[in-house]
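J.: Below you will find the structure I want to go over with you.
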Amino acid sequence: MYQRCSARYSPPHYPLIMFPVFIRSPSHSLQVTRELIMTQETRLSDDPQSEDESTLGRLYRQLNRVASLREQMRNHPEDQLDRDRLRQWQADRLGRTHRDLLESERYGPAAEFFLTDLYGPGDCARRDADVMRVMPTAERLLPESGLKVLAQAIELDALSEELDYLMVVALRRSGAIGRLTATAYALAYREVGEPERRAHQITLVTELGMTLDRLARKPFLGTTLKLVSGPAHLAGLGELFSFVERGYRVCHQMGRANEFLETIASRETAIMTALFDGDASVLA
């Protein structure tokens, strides 16, 4: 069984980001909302302990980044509903854009994992809660590469939540959140802007895919994961262990992930560029 030899990790205390409740009044500026989010991110990055760049430090930092927004959504069901409407629309668009990958014998399972497990109308709150609750056990049972997968996935999740937050604000202000169309989406996308963060979102998908690809090619790791599966589930790690295991399995089945990841990244980058240029036809 894989056993980490290092001393038990003591999680740093990071300040919990407090996101504002979704803006409901059209009089509120999207820029004000954006500045609130960026100010709260700065508070997190300015904490001295945020310099911890270990995999576990990164993991805790990203969990804190997303925890407050999860709490806001639990306390305001209408926010969760609008966010899920947006995510379902975006998930449907991803399904259309990458239908050939989803229907591919080789790439289908990996495409399903990346487009559904990583991004969909639900949220990953249970997985995130598992990570925070049992991290010392996870550190002992999961290999370093498995922890890195979780850190990258949660960072991607946090960034997606923040960008979706801004999209919901823009769509509410235009009155389009309840009847979302390609034109309304494209207008909101341009209003929100954030080209650097949009590009980083695509980069994170590629980085996560490459980490899973390396994980899938480690000798005997499949056997190790099988050996650890029982203890991991008994220790309360079932949700997050299954996430790592699914990612490993689909990438192992697919073989080299370079072409798959390059295809997704190039398509999403082209769509991002077109939307910033005002072309909504790429959403068809």
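The values are calculated or read from the model by the stated rules, or taken from the named source; none is laboratory data. Every value quoted in this text rests on a predicted model; they were computed, and no experiment measured them. Note: ideal-geometry Cβ built from the backbone for every residue, glycine included; neighbour counts use all protein chains shown.
J.: Under 7 Å between Cβ atoms, which residue pairs at least 6 apart in sequence (or on different chains) link something in the range 184-209 that is part of a helix (DSSP H, G or I) with a partner that is of a type in the set (S, T, N, Q) and surrounded by fewer than 16 Cβ atoms within 10 Å (Cβ to Cβ)?
T.: Filtered contacts from the range 184-209: Ala184/Ser174; Leu187/Ser174; Ala188/Ser174; Ile202/Thr269.
J.: Which of the helices (runs of 4 or more DSSP H) found entirely inside the range 71-142 contain at least 3 residues meeting this: surrounded by fewer than 20 Cβ atoms within 10 Å (Cβ to Cβ) and modelled with pLDDT of 80 or more?
T.: 77-97, 99-102, 108-112
J.: Next up: Can you run down the residue pairs with Cβ atoms below 6 Å, 6 or more apart or on separate chains, where the first is in the range 152-163 and part of a helix (DSSP H, G or I) and surrounded by fewer than 22 Cβ atoms within 10 Å (Cβ to Cβ) and the partner is among the basic types (Lys, Arg) and at pLDDT 90 or above?
T.: Correct list of pairs: empty, since none qualify.
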